[in-house]
Amino acid sequence: MTENLPRDRYDTTIKELFGDGEEELISFFGHLKTKVIQHLNIEFARVEKKRSDLILECRTELGPAAVHLEFQSTNDSDIPFRMLRYATELQHKYRLPVYQILIYFGEREMTMADGLVYSFGPQNHLDYRYRAVDLGSITREEIKKTNNYTLYALLPLADRPRRRQHPEAFLRECVLDILQAPVTTEEKRKTLLRAEIFAGLYLEEKIIEQIFQEVETMLNIEESAGYQRIFKKGVEKGIQQGIEIGIEKGIEKGMKKGRQETLRENVLKLLHKKFKKIPHPYVDKIKSLDEYALGLILDNIFEISTLADLEDYLP
């Protein structure tokens with residue numbers, strides 16, 4: 001499991017974790033369709049050590065541009081000055097229009113300004129703006145409606161009022177959203193890893209670890225060595241029976257038995273993790289359940305918090 005990161009490291013982490021989802025980030029937070037051509041960079045050796053986050057040369061629906069995404073996990077009153085330095089340096093170095101997006105994902109409400117404005121005398125004027133987005137003010141449903149599953153990793157950072165009121169329940173809802181996404185198991189794992197890291201901004205590590213251990217067990221059901229072994233054994237047994245009653249029917253029966261044994265094994269494993277010890281009568285009842293009933297327990301494993309809850313799924 002991951003360890004909670006210092007808050008100032010989340011700014012770097014979000015850049016590293018979304019290195020393969022830049023166009024999705026720009027589209028969602030900047031409302032701009034882009035095609036990334038290459039990464040750009042600028043340095044401020046004499047001014048400051050801090051580097052900007054993501055700078056990309058892009059083809060956009062409005063023409064070529066240098067798109068700059070800046071990530072902040074804390075409020076910084078100096079951010080408009082830093083953003084302006086980035087804008088002028090980028091324009092000077094690459095001679096491209098600069099489109100900037102500040103993405104704030106901190107626990108508190110965003111208080112940072114979205115630009116700098118002043119006027120002094122008849123000729124000295126500054127009216128500089130950039131797009132500033134508070135991720136916590138975006139609802140979980142808004143992210144889900146995009147049907148862009150790369151962005152699902154950001155679900156734990158959305159809906160600030162809801163996650164403040166019931167943080168643990170909210171994270172479980174986000175995790176279920178990711179598990180139910182129509183993507184491969186590997187893509188789910190990648191998204192869950194990102195979500196787990198971001199959850200560290202507002203939840204204790206032990207709570208995060210418990211939730212994601214349960215999730216990993218569920219993801220392992222169809223990939224575990226045990227599943228493959230039992231599946232193969234079921235198929236082989238089905239083929240052998242199929243000699244007498246038909247190979248096709250035998251394979252189907254063997255596969256079904258393999259799935260059922262695997263489900264039973266993983267249901268018991270998950271319940272042992274939750275309750276440490278399960279009375280023998282419960283174990284015997286679980287062993288008698290069919291594939292459908294076992295699947296119901298897995299689907300509702302987060303809601304089963306007591307043995308009394310478990311009884312609702314047993315004969």
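The values are calculated or read from the model by the stated rules, or taken from the named source; none is laboratory data. Just so it is clear, the model here is predicted, and its values are computed rather than measured. Don't worry about glycine lacking a Cβ; one is built from the backbone with ideal geometry, like all the others, and counts go over all protein chains shown. Surface areas here come from the heavy atoms of the whole protein model, side chains and all, with no ligands, DNA or RNA. Shrake-Rupley method; radii C 1.70, N 1.55, O 1.52, S 1.80 Å.
Structural remarks
- A single member of Leu270, Leu289, Leu298, Leu294 is in contact (Cβ under 8 Å) with a residue 12 or more places away in the chain and more than 24 Å from Asp177 (Cβ to Cβ), and it is Leu289.
- For Glu265, the conditions (1) over 16 Å from Glu214 (Cα atoms); (2) in a helix (DSSP H, G or I); (3) touching a helix residue (DSSP H, G or I) at 6+ places or on another chain (Cβ under 9 Å); (4) open to solvent by 40 Å² or more (accessible area, probe 1.4 Å) all hold with the exception of (1).
- The listed residues are Gly246, Gly258, Gly234, Gly254, and the only one of them that is at pLDDT below 55 and open to solvent by less than 20 Å² (accessible area, probe 1.4 Å) turns out to be Gly254.
- Flag for Ala153 being part of a helix (DSSP H, G or I), surrounded by 21 or more Cβ atoms within 10 Å (Cβ to Cβ) and small (Gly, Ala, Ser): yes
- Of the candidates Lys206, Lys145, Lys190, the single residue that is of a type in the set (D, E, K, R), within 9 Å of the chain's Cα centre (by Cα) and open to solvent by 50 Å² or more (accessible area, probe 1.4 Å) is Lys190.
- Phe71 within 28 Å of the chain's Cα centre (by Cα) and either in contact (Cβ under 8 Å) with a residue 12 or more places away in the chain or assigned to a strand (DSSP E or B) (or both): yes
- Among residues that are open to solvent by 50 Å² or more (accessible area, probe 1.4 Å) and closer than 15 Å to Phe212 by Cβ, Glu168 is included.
- Qualifying residue in the stretch 122-134 (condition: out of contact with any Phe, Trp or Tyr (no Cβ under 8 Å at 6 or more places or on another chain), closer than 16 Å to His31 by Cα and not in a strand (DSSP E or B)): yes
- Failed criterion for Phe302 (all others in (1) assigned to a loop (DSSP other than H, G, I, E, B); (2) at pLDDT 75 or above hold): (2)
- One residue stands out among those in the stretch 88-108 that are open to solvent by 50 Å² or more (accessible area, probe 1.4 Å) and not basic (Lys, Arg): the one that is nearest to Gly200 (Cα to Cα), which is Glu107.
- Residues of the stretch 115-131 satisfying the condition of being touching a residue at least 24 places away in the same chain (Cβ under 8 Å) and open to solvent by less than 70 Å² (accessible area, probe 1.4 Å): Gly115, Leu116, Tyr128, Tyr130
- None of Arg9, Arg85, Arg59 is at pLDDT below 90 and surrounded by fewer than 17 Cβ atoms within 10 Å (Cβ to Cβ) except Arg9.
- Any hit, the stretch 16-30, residues being within 21 Å of Asp127 (Cβ to Cβ) and at pLDDT 90 or above: yes
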